[in-house]
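The values are calculated or read from the model by the stated rules, or taken from the named source; none is laboratory data. Source: prediction; values computed, not measured. Here Cβ is always computed from backbone atoms with ideal geometry, including for glycine, and neighbour counts include all displayed protein chains. For the accessible areas, the whole protein counts, side chains as well, though only heavy atoms, and no ligand, DNA or RNA atoms are used. Shrake-Rupley method; radii C 1.70, N 1.55, O 1.52, S 1.80 Å.
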Amino acid sequence: MTVTRVGVLVSGRGSNLAALLDDAALPDAPYKVVAVISNRAGAAGLVCACEAGVAAYAVERADFANRAARQAEMARLLRAHGVELVVTAGFDQILGPAFVDAYPERILNIHPSLLPAFAGTLHAQEEALAYGVKVSGCTAHLVTAEVDAGPIVAQAVVPVRDDDTAATLSARILAEEHRLLPHAVRLLATGQVRVEGRKAVIIASPPHPPAPSP
Ligand code: GRF
């Protein structure tokens, strides 16, 4: 089985990273997390990576002239680890065009809403509650230049209850994120995602290699 080399970008807690590390440790996992980068040296996600024996780096704003220089360094580190697929899991910075172009259709983000609702915000759960929606959820989507607007790979729905707080709704969504994100990474790692315009079409089984010519 081919194993896809995955790099993960995190900014904080890292519970989605932990879900990926757990999934990647299963014997049938078609991917392996080989590098974790955070824009915050104190991110718990970096500790989680180190504990799992994964290379972990802090690439902080203060050390670079601008976003482009910072993200060029991130891309360099990922390339140095042979990363083929990048996952942004609670990464709170917008990826610039040079970084996005370095991994076309190979950057996956997890967002805590049913996109396109509540896109482009770090407070999607609060905004969903304030709006009064009856269902919410999470979306795993490919990253393009437009924030939270790339092709949707997978979504999961959760109910919104009348007595929900931002904390209870976030926890319900997060439990689904931990299931959805590894599922979406597996789909990409096994070549089961074909991008057609703004749609990500899921192929039932991985494409077979072409038959050898006679
Ligand atoms: C998740 O809710 C994710 O959808 C959002 O930020 C949160 C990150 O949580 N983008 P964690 O760091 O993975 O625990």
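In the stretch 84-131, of all residues being of a type in the set (Asp, Glu) and within 27 Å of Ala55 (Cα to Cα), the one that is nearest to the ligand (Cβ to nearest atom) corresponds to Asp92. Across the stretch 25-44, the number of residues qualifying as within 16 Å of the ligand (Cβ to nearest atom), more than 22 Å from Ile173 (Cβ to Cβ) and of a type in the set (A, V, I, L, M) comes to 4.
Among the residues making up the stretch 86-118, those that are of a type outside the set (Lys, Arg), within 19 Å of Lys199 (Cα to Cα) and surrounded by fewer than 20 Cβ atoms within 10 Å (Cβ to Cβ) are Asp101, Pro104, Glu105, Pro116, Ala117.
Applying the condition of being within 14 Å of the chain's Cα centre (by Cα) and of a type in the set (Ser, Thr, Tyr) to the stretch 91-129 and asking which residue is farthest from Arg5 (Cα to Cα) yields Ser113.
Can you name the strands (runs of 3 or more DSSP E) wholly within the stretch 120-214 that have at least 3 residues being touching a helix residue (DSSP H, G or I) at 6+ places or on another chain (Cβ under 7 Å)? Give the derivation first.
Details: elements: 135-142, 152-159, 193-196, 199-202.
By residue number, 135-142, 152-159.
When we screen Ala44, Ala56, Ala24, Ala49 for residues that are in contact with a helix residue (DSSP H, G or I) (Cβ under 6 Å, 6 or more places away or on another chain), over 26 Å from Ala145 (Cβ atoms) and open to solvent by less than 60 Å² (accessible area, probe 1.4 Å), the only hit is Ala56.
When His81 is tested against (1) within 15 Å of the ligand (Cβ to nearest atom); (2) open to solvent by 20 Å² or more (accessible area, probe 1.4 Å), only condition (1) is not met.
Residue under question is Asn66, and the condition is that it be touching a residue at least 12 places away in the same chain (Cβ under 8 Å) and not small (Gly, Ala, Ser); does it hold? No, not satisfied.
Gly7 meets each of the listed conditions (1) within 16 Å of the ligand (Cβ to nearest atom); (2) at pLDDT below 95 apart from (2). Of the residues making up the stretch 119-174, those that are under 18 Å from Val87 (Cα atoms), hydrophobic (A, V, I, L, M, F, W, C) and open to solvent by 60 Å² or more (accessible area, probe 1.4 Å) number 3.
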